[in-house]
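All remarks here apply to the structure that follows.
Values quoted throughout were computed directly from the atomic coordinates according to the rules given, and no laboratory measurement underlies them. Quantities reported herein were computed from a predicted structural model and do not represent experimental measurements. Methodologically, a virtual Cβ is constructed for each residue, glycine included, from the backbone with ideal geometry; neighbour enumeration extends over all protein chains shown.
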Amino acid sequence: MSLLSVSILGLSLAIVASVGFALQYIFVRIGTKSGRVEDVVWISLLCNTAIIVPLAVVFSKGVVSPRSIMAFVAAGVAGALLSRVLMFESIQRIGASRTSPIVASNVIFATIFAMFAFGDTVTLIHLLGIVTIVVSIAYISYETSFTLESVNQNLSVKTIALPLSAAVLIGVEPILINIGLSADSSILSGLAITVSTAFVGFTTYLAVSTGIPRPEMISDPEFKWHLAAGLIITISMLSYFAALESAPVVFVVPIIQTSPLFIILISIVMLPDQVEKITWRLTVAAVGVVMGASLVSVYG
């Protein structure tokens, strides 16, 4: 396969993942308007596991090395579990359109980690893209604090720390995934280990704390949004893993960060102002994140 073919394939898969992750934010935002964050996290992980593990059993070939297993387990704890809990909590508190651009700063952490782990190079334009992302996210944080204060919502350092912490963990995830895939492990095997690790871990946590979601919740009005979030996350993760296998981390990760723009567009259509208030300043800042991610993707 030619380098051009690999780039086009990686680009296409990354775009699919970006749109899917955008829809995930919207579904979670609607589902947690009156529902629990724990419920949507558990259901999304259940969907991931129920779909991906059987696919891996049927279609994966070969033996996964111990090194790959450890890398995928670590990716499951950092990316599929901890970052998802932090991100969903942030979506509930400050909204999808504000959480997503801040989480998009994971491209910075992923780039730095990739430089140390794989020796990936960074160009001057690449750095310019990163600076654009940082400035845009800083403004989103400022705009978020102003909005929350104006509607008398609780604002604290923890509010912004939630999506930023998720960004750091998501930045680590592709590095761990690449380590796992470098040992000739298949995408499905790696993804199955990642999501099942997260599901078992979160189920154990719920069992000893608040309890596993009850079966009757299927009749709750929020359930359909929780289920939709789980399904779209599964599709996005499959595309994400495939993109990472087809192209470098510094190419794939920034493209996925274009999801804030899709979130803005979808929010305007699907979410009324009382659920997700979109301002022109927020839109401009989100576009800044997309522009920065594009610079990193094209010239990185």
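For S83, the shell of other residues with beta-carbons less than 15 Å away shows a net charge of -1, using +1 for Lys and Arg and -1 for Asp and Glu.
Shape class of the stretch 10-52 from the Cα gyration tensor (axes a ≥ b ≥ c, square roots of the eigenvalues): oblate, since a/c reaches 1.5 or more and a/b does not exceed b/c.
Sorting 8-19, 213-224, 93-104 by their mean Cβ neighbour count within 10 Å, with the most densely packed peptide first, gives 93-104, 8-19, 213-224.
Site pair M291 and I8 shows an inter-label distance of 3.0 nm when each label is modelled 7 Å from Cα along Cα→Cβ.
Note on R214 and A161: with the Förster distance fixed at 25 Å, the Cβ-Cβ geometry gives a FRET efficiency of about 0.20. Dipole size of the stretch 1-140 about its Cα centre, with +1 on Lys/Arg Cβ and -1 on Asp/Glu Cβ: approximately 180 debye, rounded to the nearest 20. Rounded to the nearest 0.05, the FRET efficiency derived from the C-beta distance between S182 and L127 at R0 = 30 Å is 0.70. Treating r as the C-beta distance of M115 and V284 and R0 as 35 Å, the FRET efficiency rounds to 0.70.
Normalised by residue count, the stretch 19-145 yields a Cα convex hull volume of 140 Å³ per residue.
Peptide packing: for 238-247, 50-59, the average count of neighbouring Cβ atoms within 10 Å per residue gives the ranking 238-247, 50-59, highest mean first.
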